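Notes follow once the structure below has been shown.
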Amino acid sequence: MLVDSPPEQRAETAPAPPTRRAIRAFGLVLAVAILVLVALASIAIGAKELSLGQVWHGLFEDAGTYGDVVVAERLSRTVLGLLAGAALGLAGAVLQALTRNPLADPGLLGINAGASAAVVTAITYLGVTSLSGYVWFAFLGAAAVGALVWFLGGSRGATPVRLALAGTALSAALYGYLQAVMIMDDAALGKMRFWTVGSLSSASDSTIRQVLPFLLAGVALALALSRPLNAMAMGDDTAKALGANLNRTRALSMLAATVLCGAATAACGPIVFVGLMVPHVVRSFTGPDLRWILPYAAILSPVLLLGADVIGRMVARPAELQVGIVTAILGGPVFIYLVRRRRTAQL
């Protein structure tokens, strides 16, 4: 297993110099400005491009024209991209801190596999056909696998290595089940083939309302865990000396990652590499302090997700390339680069 080098595991416990804090704060403001621009591009760019005037009219004035209708349709897609991107980025950052694995992402603990297996089960054996039905089954599948990984990893005695191994084993088993069911059931294959690549195209107000409470709860929990995760990054003995409750922090981190990734996967399908790439980019600027990594990840991950969605709409006009495919194409080379440049050790 790939783990971070010892210097990367040390958290920043001392306050950063005023100049560095100011630079980080300015960077956060700049990240928000970039996110606003990308969100506007997500609304304006598609099979039919809209002007900024049309976007403004559709957002803030009475709807009625064709442009206003398009804005209303794309707004739900953009909002879901904002929420899902933030959730995946935070989940990835939390899991990298929890497992002390710089290459960890939400798929490491089997959460994506659990959601996918639950959806194909609902389609094949329970006759569920609507996205609103998929959402709840996907979320329950993700939650069940997250709990099982925690149990198999040792529960109160869980360690980063045990959690990662349990998640990897469950992912392999669940994806085997998923492929077997889809091969035997053509209907399930047809319905699952778009969901499994990850897409924002089926976004709706109903979907957003269903996942929003879970996403907000997961975001709040993840941000609250920044300090104890900082302590754990220094090693278990040091974290205990600093007063951190290791079992509680690990359990809450698992819960936060499961809720965040489960809700995002339920709404959009399994989207890969977002939770891996963004925390790495952020860490190179902020350092290992999770008090900065988490807010940055929550802002810049939607930038990546919405940017990939815009690219997918531009390269395949008048059709579109699903965002999960675009992030996989972008993420593959980045993953290889990260593996090659980082000093890693085999456990």
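The values are calculated or read from the model by the stated rules, or taken from the named source; none is laboratory data. This is a predicted model, so every value here is computed, not measured. With ideal geometry, Cβ positions are generated from the backbone for all residues, glycine too; neighbour counts draw on all protein chains shown. What goes into the accessible areas is simple: the full protein's heavy atoms, side chains included, and nothing from ligands, DNA or RNA. Shrake-Rupley method; radii C 1.70, N 1.55, O 1.52, S 1.80 Å.
Summary of values
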{"read-out": "Condition met for residue 104 (modelled with pLDDT of 85 or more and either in a loop (DSSP other than H, G, I, E, B) or not hydroxyl-bearing (Ser, Thr, Tyr) (or both))", "value": "no"}
{"read-out": "Some residue of the stretch 157-166 being hydrophobic (A, V, I, L, M, F, W, C), over 17 Å from the mean Cα position of the chain (by Cα) and modelled with pLDDT of 85 or more", "value": "yes"}
{"read-out": "Selection count, the stretch 284-330, where residues are closer than 30 Å to residue 21 by Cα and crowded, with 18+ Cβ neighbours inside 10 Å", "value": "20"}
{"read-out": "Residues of the stretch 261-282 classified as at pLDDT below 85 and closer than 12 Å to residue 83 by Cβ, total", "value": "1"}
{"read-out": "Pick from the stretch 269-301, criterion part of a loop (DSSP other than H, G, I, E, B) and among the small types (Gly, Ala, Ser), ranking: farthest from residue 233 (Cα to Cα)", "value": "269"}
{"read-out": "Of residues in the stretch 124-136 being surrounded by fewer than 24 Cβ atoms within 10 Å (Cβ to Cβ) and touching a residue at least 24 places away in the same chain (Cβ under 8 Å), the one nearest to the chain's Cα centre (by Cα)", "value": "135"}
{"read-out": "So residue 209, is it more than 27 Å from residue 138 (Cβ to Cβ), open to solvent by 10 Å² or more (accessible area, probe 1.4 Å) and in a helix (DSSP H, G or I)", "value": "no"}
{"read-out": "Test result for residue 67, modelled with pLDDT of 80 or more and either surrounded by 14 or more Cβ atoms within 10 Å (Cβ to Cβ) or not in a helix (DSSP H, G or I) (or both)", "value": "no"}
{"read-out": "Test for residue 257: is it open to solvent by less than 20 Å² (accessible area, probe 1.4 Å), over 27 Å from residue 198 (Cβ atoms) and either free of Cβ contacts under 8 Å to residues at least 40 places away in the same chain or not in a loop (DSSP other than H, G, I, E, B) (or both)", "value": "no"}
